[in-house]
Amino acid sequence: MQATIRPVDGRAVARLGWMVGTEWQSQGFASEAATALVKWVRRQGVEDIGANIHPEHDASATVATRAGLHPTEEEFEGERVWRAQVPSNRLLLGQLREDSVLVNAEIAAIVPVSNVEKAVEFYGGTLGLELQVRRDDLPENREAEFRAGDGTLVVYESVAAGQSRGTVAGFRVQDLDSVVAGLRERGVAFEEYDLPDLKTENGIAMIGDLRASWARDPDGNIIAFEQGT
């Protein structure tokens, strides 16, 4: 996996490339690495991110799609140019101040899981979220999207499942005690902490003006439940 960054007409342009050994193919490694690389390149302020992909290379097209690239009408040496245009930080900040672009946007939690079927059982069955759609067109990265209130939670199959040490998603609730009690009846175990800055009693801690609890999904991803005081 690599990114070649160079200046073109006064702006930074990045071209990505990847290669995966046969024994590691179809396991999502390339998609994970490409997605991470695109994010890193964006943080460097690059305005134009792209990759050249042969029209018959479906696997690379899948990787590019997962990384947020889209095919263009351009061709280079027999390959299709895929690109994700990224506005400069200055322009983006100006748009946010002037147009409040994200004020009415919905925030979605994106959670990596090892098995989408088990995730549907937990998030849909145990937590009671409404399953909106299944996406099985990418066999190594199947997805399921859930709805809760005005928010969305998406689970997708990934080798990164359970690797995060931080909270990956949170729910704001009206009655935390009832939620904790109800989920315990469904078999959910809540975390207990006894740290200098964080202590729980019966699974609930005080953090400023919030009462909070944490549990784990089948992959060990940490989920938070919070109530304002």
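The values are calculated or read from the model by the stated rules, or taken from the named source; none is laboratory data. Keep in mind it's a predicted model, so treat the numbers as computed, not measured. Counting neighbours? That spans all protein chains shown, and the Cβs are built from the backbone with ideal geometry, glycine included.
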Considering only residues that are touching a Gly at 6+ places or on another chain (Cβ under 9 Å) and within 23 Å of residue 109 (Cα to Cα), look in the stretch 190-205 and name the one that is surrounded by the fewest Cβ atoms within 10 Å (Cβ to Cβ).
-> 191
Using the structure shown, decide if residue 50 is surrounded by fewer than 18 Cβ atoms within 10 Å (Cβ to Cβ) and more than 20 Å from the chain's Cα centre (by Cα).
-> no
Only one of (1) touching a Gly at 6+ places or on another chain (Cβ under 8 Å); (2) within 30 Å of residue 27 (Cβ to Cβ); (3) basic (Lys, Arg) fails for residue 134. Which number is that?
-> (1)
Expected output for the stretch 1-16 (first residue in the same structural domain as residue 83 (by TED's automatic domain parsing), partner of a type in the set (Ser, Thr, Tyr) and part of a strand (DSSP E or B), Cβ below 7 Å, 6+ apart or cross-chain) is 14/4; 15/4
Considering each residue of the stretch 157-195, count those that are in contact with a Lys or Arg (Cβ under 9 Å, 6 or more places away or on another chain), among the hydrophobic types (A, V, I, L, M, F, W, C) and assigned to a helix (DSSP H, G or I), and give that number.
-> 1
Filter the stretch 143-153 down to the residues that are charged (D, E, K, R) and assigned to a strand (DSSP E or B), then identify the one that is farthest from residue 34 (Cα to Cα).
-> 147
In this structure, is residue 210 free of Cβ contacts under 8 Å to residues at least 40 places away in the same chain and in contact with an Asp or Glu (Cβ under 7 Å, 6 or more places away or on another chain)?
-> yes
Pull up the stretch 1-16, narrow it to residues that are among the small types (Gly, Ala, Ser) and either more than 22 Å from the chain's Cα centre (by Cα) or part of a loop (DSSP other than H, G, I, E, B) (or both), then point me to the one that is nearest to residue 76 (Cα to Cα).
-> 14
Check 117, 140 and return the single one that is on the phi < 0 side of the Ramachandran plot, in a helix (DSSP H, G or I) and touching a residue at least 60 places away in the same chain (Cβ under 8 Å).
-> 140
Taking residue 218 and the conditions (1) within 22 Å of residue 66 (Cα to Cα); (2) in contact with a helix residue (DSSP H, G or I) (Cβ under 6 Å, 6 or more places away or on another chain); (3) surrounded by 14 or more Cβ atoms within 10 Å (Cβ to Cβ), which numbered condition does it fall short on, given that it satisfies the others?
-> (1)
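Tell me, yes or no, whether the stretch 37-54 has at least one residue that is in a loop (DSSP other than H, G, I, E, B), modelled with pLDDT of 80 or more and not aromatic (Phe, Trp, Tyr). Spell out the reasoning first.
Our first condition is that a residue be in a loop (DSSP other than H, G, I, E, B); within the stretch 37-54, this holds for 44-47, 54.
After this cut, where a residue has to be modelled with pLDDT of 80 or more as well, the list is 54.
Subset that is not aromatic (Phe, Trp, Tyr): 54.
Scanning the stretch 37-54 turns up at least one residue that is in a loop (DSSP other than H, G, I, E, B), modelled with pLDDT of 80 or more and not aromatic (Phe, Trp, Tyr).
Per-residue answers, yes or no, for (1) at pLDDT below 85; (2) out of contact with any helix residue (DSSP H, G or I) (no Cβ under 8 Å at 6 or more places or on another chain):
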site: 69; (1), (2): yes, no
site: 86; (1), (2): yes, no
site: 92; (1), (2): yes, yes
site: 101; (1), (2): yes, no
site: 114; (1), (2): no, yes
site: 119; (1), (2): no, yes
site: 124; (1), (2): no, yes
Residues being at negative phi, over 17 Å from the mean Cα position of the chain (by Cα) and not in a strand (DSSP E or B): count how many of those fall in the stretch 120-135.
-> 7
Residues located in the stretch 192-229, provided they are under 19 Å from residue 153 (Cβ atoms) and out of contact with any Ser or Thr (no Cβ under 6 Å at 6 or more places or on another chain) | 212, 213, 214, 215, 216, 217, 218, 220, 221, 223, 226, 227
